[in-house]
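Student: Shown below is the structure under consideration.
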Amino acid sequence: MSAPQVVVHRDKELMAKAAAARLITKVVDAQATRGFASVVLTGGRNGNGLLAALAEAPARDAVDWSRLHLWWGDERLLPDGDPERNHTQAREVLLDSVPLDPARVHPMPASDGPYGNDADAAAEAYAAELAAAAAHETASPPAGAGGGPVPTFDVLLLGVGPDTHVASLFPELPGVRETERTVVGVHGAPKPPPTRVSLTLPAIRAAREVWLLAAGEDKANAVAIALSGAGEVQAPAAGARGRNRTLWLLDEAAATRLPRGLYPPASA
Ligand SMILES: O=C1O[C@H](COP(=O)(O)O)[C@@H](O)[C@H](O)[C@H]1O
């Protein structure tokens, strides 16, 4: 697992534009190397900010959208099209305006789908979809650190909540302690809605690169705690690491309480 690297941008708009530019480069490189790319999307203000910046970036036309697999790190278990669903928000800001291959877009189940409000069944189904994609990729699929297989994620995006949650892994809830399954149902999330589906830390850690996004003063404490050696059960963001790279993309407001030495002077 890689050690965290921190990049601080002047403000959240610049952070979103720079992250979008990085993502375009990663996707284009992966498509050139192995024919397709695989990205895990996140919800929340910063995840949607990045997608909105991507939608406006002229270089977005360098991406072959039909050869991009999209997965989600977490979802709110609500009806398809609900404005609170991460999938709906991603569609609005970017996905509906680019020529994706629908077979390569993998939203998490909705509550009006086959599993209804059963978050555990929805999680099991998504884990099976990930495992099938992994098996399709190669005869020896990359495994999550603790268990089930997931496909190769080139980049896995995570917004960091003010309480240090990432995806729908909240401090001290059972999901963050999961070591075997790649996807879990989440019950009683402190942030509404309470019922969700989330990738687990083993699935997140199987990604080549994990990028954590945080902007705004309300994230400053969470960023400082997660980067100061906190345990992942108390601060889930601390446990989110990529195999090759773990990148924290911040704006100055979110970086204000970073321990000295972690704040890179050149980007201040
Ligand atoms: O509920 C969620 O929160 C996090 C962080 O969102 P933010 O608006 O505080 O940046 C998000 O990344 C996650 O996907 C979402 O479901």
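The values are calculated or read from the model by the stated rules, or taken from the named source; none is laboratory data. Computed from a predicted structure; not experimentally measured. We place every Cβ from the backbone using ideal geometry, glycine too, and count neighbours over all the protein chains shown. Side chains included, ligands, DNA and RNA excluded: accessible areas come from the protein's heavy atoms. Shrake-Rupley method; radii C 1.70, N 1.55, O 1.52, S 1.80 Å.
Student: Which residue fluctuates the most in the chain, going by a Gaussian network model with Cα springs under 10 Å, if the choices are Gly175, Gly49, Gly216?
Tutor: Gly216
Student: Taking the Cα centre of the chain as the origin, how large is its charge dipole in debye, to the nearest 20, when only Lys and Arg (+1) and Asp and Glu (-1) carry charge on their Cβ atoms? Could the numbers behind the result be given before it?
Tutor: Values: 25 positive and 31 negative charges, 182 e Å.
So the magnitude is around 880 debye.
Student: If you don't mind, another one. Out of Gly231, Gly73, Gly159, any idea which swings most in a Gaussian network model of the chain, alpha carbons joined below 10 Å?
Tutor: Result: Gly231 has the largest fluctuation of those listed.
Student: Explain nothing, just the number: relative contact order of the chain, from Cα pairs under 8 Å at least 6 residues apart, as a whole percent.
Tutor: Numbers: 630 pairs, mean separation 65.2, N = 268.
Rounded, it is 24 percent for the chain.
Student: Right, here's the next one. Residue-wise, which Karplus ³J(HN,Hα) couplings in Hz belong to the range 241-252, taking 6.51 cos²θ - 1.76 cosθ + 1.60, θ = phi - 60°, and x for glycine or proline?
Tutor: So the J values, rounded to whole Hz, are 9, x, 5, 9, 7, 10, 10, 9, 9, 10, 9, 4.
Student: Hey, another quick one. Most fluctuating residue of Ala32, Ala220, Ala20 in a GNM of the chain with Cα springs under 10 Å: which is it?
Tutor: Per the Cα network of the chain with a 10 Å cutoff, Ala32 tops the list.
Student: Skipping prolines and chain starts, which residues have an amide H placed within reach, meaning under 5 Å, of the one on Leu78, given they are 5 or more residues away or on another chain?
Tutor: Here Ser111 satisfy the definition.
Student: If you stretched the chain out fully between Asp80 and Asp118, how much longer would it get, using 0.36 nm times the residue separation minus the C-alpha to C-alpha distance? Mind showing how you got there, number by number?
Tutor: Values: separation 38, 0.36 × 38 = 13.68 nm, distance 1.47 nm.
Separation in residues times 0.36 nm, less the Cα-Cα distance, equals 12.2 nm.
Student: Enter the accessible area of Asp96 (Å², nearest 10), with the probe set to 1.4 Å and all protein chains included.
Tutor: Number for this one is 100 Å².
Student: Additional query: Counting only residues 5 or more places away or on other chains, whose amide H sits under 5 Å from the amide H of Ala206 once H atoms are built in the peptide plane?
Tutor: Ala145
Student: As a test, work out the antiparallel percent of DSSP beta bridges whose residues both lie in the range 110-227, rounded to the nearest 5.
Tutor: Values: 6 of 11 bridges.
So the antiparallel bridges in the range 110-227 amount to around 55 percent.
Student: For a bin width of 10 Å, list the pair-distance distribution of the chain built from all Cα-Cα distances, rounded to whole %.
Tutor: The distribution over the chain is 7, 33, 39, 20, 2, 0, given as percents.
Student: Rounded to the nearest whole Å², what accessible area per residue is found for the chain with the 1.4 Å probe?
Tutor: Computed with neighbouring chains in place, this is 41 Å² per residue.
Student: Now for a separate question. Sort out for me the Cα centre separation of the range 180-200 from the range 1-60, rounded to whole Å.
Tutor: When both Cα centres are located, 24 Å separates them.
Student: Next up: Measuring from the lowest to the highest alpha carbon on each principal axis, how far does the range 1-138 reach, largest first, in angstroms?
Tutor: Each principal axis gives a Cα extent; for the range 1-138 these are 42, 35, 35 Å.
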